[in-house]
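Each remark here refers to the structure printed beneath this line.
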Amino acid sequence: MAKRKIQVVALLICAGFLSGDLRAATPSLRGEDSLARQVEADWVAQERRWNRTPDSPQAVREALQRAERLLADLERALPETELEPEAATLRGLHVAVDAVDHMASEQRLALYTRLRWTTRNLSLKNPLLAGKPLVFMKRHRFVSQMLHEYLGYFYDYGDVAGGGVFVLENPGRSFQTRDLIAGRLPRGNYTTLALSYDGGTVYFAYAERAAEKPDFYSPQRRCFHLYAVGADGSHLRALTAGPEDDFDPCPLPDGGLAFMSTRRGGFGRCHNPWEPLPAYTLHRMNADGSGVRTLSWHETNEWHPAVLNDGRIVYSRWDYVDRSAANFHGLWTTHSDGSNPAVLFGNYTLRINACFQPHAIPGSDKILFVAGAHHADVGGSLVIVDPKRIALERGSGEDSFDAIESLTPEVTYPEANGWPTSWFHGPWPLSENHFLVAFSFETLPGMSSGENRDTRTGLYYFDRFGNLELLYRDADASCMYPIPLEPRPSPPRRVNPPAEELTDEGEFVLSDVQQSLFPLPAGRTVQQLRIFQVLPKTHTHVANQPRLGYANAESARMLLGTVPVEADGSAYFRVPARKPIYFQAVDADGRAVQTMRSVTYLQPGEQRGCVGCHERPGTVVANRALLALRRPPSTITPGPAGTRPLSFPLLVQPVLDRHCVRCHDGQAGLGKSPLALTGQVQDEFTRSYLNLKPSVRWNEWGGASLNEITTRPGRCGADQSPLTQVLADANHGPPLRLPEEDLRRIYLWLDANAPFYGTYTEPERMAQLRGEPVPPPAVQ
């Protein structure tokens, strides 16, 4: 049999299948020797990823398998006659591949090379790609983490400049490009690219470099701003200006443009002194740059808006209310007017750190995204999520990975599972099987990956069969964001309510608070909802400066108040619009049964319904009349003193003074306790606050957290804190019989994550330390 196979190979060599001009099957590459050499060198680099060479038998066999799968897929889209040259070649080479173990090394290499050229020609015949120019961007990135990548200030800090917006005229067959900017902008940096639905306008973000490096807080610091240019290079213009960073342009079906901006104000809560990082969230404007308004009132950062096939916006949100600051960058959706923000995937898992750069797949409900890292620049592994399969695991409450498909399992999910030695960026789905991508053979750069260089990406065609074909590369810059330069269908347009109908409030309807992924504890009927507002960090960007309480890098907050829950579990109430809020379900004793670890908000005039309290995805409202809808919406009943914003000296210390200090005054004597609970100032807190710490439990970013990912009903702050048991202990010194109002104050404080301060500014903190009330912060 071996002799027979060798004879077959000899016949194939004589027939020219394994020798001669291996690029003859791709006539358009004749004369493009530089491109051909780079393509073949790229194949060698691809095999190196698998720790082998192109002449290895396994490399040859897999090359044939990928080619045959691609051929079978394309046969459903193209006439058989158009694919016959490649099909005939593959039929002829199939016999040779069967004999690959008996070939000499040079014969295997010739076979591999012929297979790859044949596959490449198939790829370039794909009607989703063939004959279509690509618009793309050349970039130089500031290397640290994804938070820095879109802030112009850091590019001065790193002295990184260069790039531009280009068109690749004949992808895969030529490296010829057309410069859309052509020197019309000064020295600067480029990031994020988008194309209008009619294919006529290219949008991008650009930041001019400063002659001198201004301080971040200087009004002279440089920022990214949005620009537009015609696809033919005409009519280059700036759409935004000013002291805020604007980036991530996203054309909307209604003719507007969504984007990310720092205009909402505030900082993240976990940053180092050297990295002032403002929060940026979702905004929108008219196509000419007018009519800018905030869509997202989330209190930390968001990224990468794109429009789904049903017209909604999908984007990434960093969601760390009382949770880890290095995880939970999940996919969220919203309407184009900012209403109905809703989690999609990735908010309840540590197995993927970040879900970046989502894009709807044409002709599909599925969404392509990049599984990335927190402590690195944007990039990672390619993943598809199927919204129909999204679910939370019943046992853990975490995101079920049954909803996702890893297209590139050889690229580990960065940071969550280590650091990949190759990575993808800016994917553009052509279909569920075919994609345009940026790709690098080197380690993902970033603060924690160990790679401090901007490892370059090239532009590639990629398919789910494993084929990866170089389209363009520049040795001096990363090439990113490949987009076919052609019109594409616009998704449905959402009609927004006219401005005159809007108010400063919105309305929530809760159907049944008992609808929960984990059952609420028996015997604890929910009677109220607490409504907390999270206050964005202001005045300082440094983690724990100022420290608010026990928890690490936590949010300031205030209790807006409570609303009633009816006997059937329903509630109907008004809340202020444009405020990041979260809810707690509270029992008859005033203790939280369940609490949110995220925020939501309403647009002015918005009416929104909730099914339950952390219910399963896909849960629908029961077909019944809700008791809460038989009356007008509830207005919020304010909480006690010391809750707007939260203040330990005003909320809790008066209770301690009335009931505890007589024994816990720090003095020696009969019936006295050495545990002082007086309001005497100690360091930046009080003796009572510091001494209660061993008896309190809270959620945070760090090992002290009660619950790392999700909250279990019946395990909130007042439930878990030993202080609650002390207050209920009949044998505790003189029997404690706190009035209900005072017990509720303690429970409220424990459930609110036990903060001391509710504000970030030094004058207001000093007022709170003295036990004085302060007004709610101006920036909310």
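Note on region 367-440 and region 213-290: Cα centroid distance 26 Å, given to the nearest whole angstrom.
The residues Arg264, Arg187, sorted by heavy-atom accessible surface at 1.4 Å with ligands and nucleic acids left out, run Arg187, Arg264 from largest to smallest. Relative to the longest principal axis of the Cα atoms of the chain, the long axis of helix 80-98 lies at roughly 90 degrees. Placing +1 on the Cβ of every Lys and Arg and -1 on the Cβ of every Asp and Glu, with no other charges, gives the chain a dipole of roughly 640 debye about its Cα centre.
Here, P(r) means the percent of Cα pairs in each 20 Å bin from 0 to the largest distance; for the chain it is 15, 43, 28, 11, 2, 0. On C-alpha positions alone, give me the angle between the axis of helix 57-74 and the longest principal axis of the chain, in degrees, nearest 10. Approximately 80 degrees, to the nearest 10. Check the straight Cα-Cα distances from Lys388 and name the lysines below 16 Å, setting aside those fewer than 8 residues away within the same chain. Partners found: Lys366. Across region 566-668, C-alpha contacts under 8 Å between residues 6 or more apart give a mean separation that, scaled by the residue count, equals a relative contact order of 29 percent. The figure for Cys610 is an accessible area of roughly 40 square angstrom, using a 1.4 Å probe on the protein chains alone. Within the assembled protein chains, the solvent-accessible surface assigned to Glu84 is about 60 Å², based on a 1.4 Å probe. Summed over qualifying helices (DSSP H, 4 residues or more, each -39500 (n - 2.57)) and divided by its residue number, the chain shows a 222 nm mean residue ellipticity of -5500 deg cm²/dmol.
Taking all protein chains together and a 1.4 Å probe, the residues Arg141, Arg184, Arg394 rank Arg394, Arg184, Arg141 from largest to smallest accessible area.
Per-residue Karplus couplings for region 699-713, computed as 6.51 cos²θ - 1.76 cosθ + 1.60 with θ equal to phi - 60°, are listed in order as 9, 6, 7, x, x, 7, 5, 4, 9, 6, 10, 10, 9, 8, x Hz, Gly and Pro entered as x.
Remark: region 210-224, residue by residue, has Karplus-estimated 3J(HN,Hα) of 7, 5, 10, 7, x, 5, 4, 7, 6, x, 8, 5, 7, 9, 6 Hz, where x stands for each Gly or Pro and the curve is 6.51 cos²θ - 1.76 cosθ + 1.60 at θ = phi - 60°. Helix 33-49 and the longest principal axis of the Cα set of the chain meet at an angle near 50°. Check each of the GluC sites (Glu not before Pro) in region 33-104 and keep only those in coil by DSSP with at most 15 other C-beta atoms within 10 angstrom; list them in order. Sites meeting the loop and neighbour criteria: Glu75.
Simple rule: put +1 on each Lys or Arg Cβ and -1 on each Asp or Glu Cβ in the chain, find the dipole, and look at Thr538, Phe175, Leu392; the Cα lying farthest toward the positive end is Leu392. Taking every DSSP beta bridge that has both ends in the chain, the antiparallel portion is near 95%. Using θ = phi - 60° in the Karplus curve 6.51 cos²θ - 1.76 cosθ + 1.60, the 3J(HN,Hα) couplings for region 108-124 round to 4, 5, 5, 5, 4, 5, 5, 4, 5, 5, 5, 5, 4, 5, 4, 4, 6 Hz; x is entered for Gly and Pro. Longest exposed-loop-site-free stretch of the chain, with chymotrypsin sites (Phe, Trp or Tyr not before Pro), DSSP loop and at most 14 other Cβ within 10 Å? Formally, the longest exposed-site-free interval is 275-780. Within the assembled protein chains, the solvent-accessible surface assigned to Glu432 is about 60 Å², based on a 1.4 Å probe.
The values are calculated or read from the model by the stated rules, or taken from the named source; none is laboratory data. Nothing here was measured: the structure is a model prediction, and the numbers come from that model. A quick note on method: Cβ atoms are made from the backbone with ideal geometry, for glycine too, and the neighbour counts reach across all protein chains shown. Heavy atoms of the whole protein, side chains included, go into the accessibility calculation; ligands, DNA and RNA do not. Shrake-Rupley method; radii C 1.70, N 1.55, O 1.52, S 1.80 Å.
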